[in-house]
Amino acid sequence: MDSPRETIRLDKWLWQARFFKTRSLAASVVKGGSVRVNTNKIAKPAFQVGEGDGITFAQGEQTRVVVVRACGTRRGPAPEAQELYLDKTVFVEKTPRLVTPWGKGRPTKKDRRSLDFSRKPPLE
């Protein structure tokens, strides 16, 4: 006879695995509808997840894809939390931010003129 599968609340697992700083923050992300478990959108933080479930969610500017390896019993240190999941996230290089040629702060009128002249094609 098969024993029942060990499960845990989705918001609690996301918090224990250290993807979110607080459990209420994890719950609000789940309520927002941006979390998928095995390709199904989940909107209830109390949804039960267990070993083998795939979870996809937004974290910052990245979309994280993880597979649950264990339910866990507490929110321990980071090395312990990393054993709760298998990370399948494909990290994409960020595009570099534009660096202003004049340094910090707002450009002066002279700086703006020099930028405008540099963008216009030369007169022939």
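Before moving on, here are some points about what is shown:
- Subset of the stretch 39-53 [among the small types (G, A, S), open to solvent by 20 Å² or more (accessible area, probe 1.4 Å) and on the phi < 0 side of the Ramachandran plot]: A43, A46
- Unmet criterion (only one of (1) within 15 Å of the chain's Cα centre (by Cα); (2) modelled with pLDDT under 90; (3) not hydroxyl-bearing (S, T, Y)) for G72: (1)
- Positions within the stretch 41-75 being farther than 13 Å from L10 by Cα and either free of Cβ contacts under 8 Å to residues at least 40 places away in the same chain or part of a strand (DSSP E or B) (or both), in sequence order: G52, A58, Q59, G60, E61, Q62, T63, R64, V65, R69, T73
- The lone exception for R36 - which of (1) more than 18 Å from D87 (Cβ to Cβ); (2) surrounded by 13 or more Cβ atoms within 10 Å (Cβ to Cβ) it fails: (1)
- Residue check for P107: at pLDDT below 75 and surrounded by 10 or more Cβ atoms within 10 Å (Cβ to Cβ): no
- Pair list, Cβ < 6 Å and 6+ apart or interchain, from the stretch 91-118 residues that are under 30 Å from V66 (Cα atoms) to residues that are open to solvent by 100 Å² or more (accessible area, probe 1.4 Å) and modelled with pLDDT of 70 or more: none
- Residues located in the stretch 8-21, provided they are open to solvent by 60 Å² or more (accessible area, probe 1.4 Å) and at negative phi: R9, K12, W15, K21
- Residue selected from the stretch 1-34 under the condition among the β-branched types (V, I, T) and more than 15 Å from V66 (Cβ to Cβ), by the criterion nearest to the chain's Cα centre (by Cα): T22
- T56 vs. criteria surrounded by fewer than 13 Cβ atoms within 10 Å (Cβ to Cβ), in contact with a strand residue (DSSP E or B) (Cβ under 9 Å, 6 or more places away or on another chain) and among the β-branched types (V, I, T): no
- Members of the stretch 8-34 that are of a type outside the set (D, E, K, R) and in a helix (DSSP H, G or I): L10, W13, L14, W15, Q16, S24, L25, A26, A27, S28, V29, V30
The values are calculated or read from the model by the stated rules, or taken from the named source; none is laboratory data. Bear in mind that the values here come from a model prediction, so they are computed numbers and not experimental data. Methodologically, a virtual Cβ is constructed for each residue, glycine included, from the backbone with ideal geometry; neighbour enumeration extends over all protein chains shown. Just so you know, the surface numbers come from the protein's heavy atoms only, side chains and all, with ligands and any DNA or RNA stripped out. Shrake-Rupley method; radii C 1.70, N 1.55, O 1.52, S 1.80 Å.
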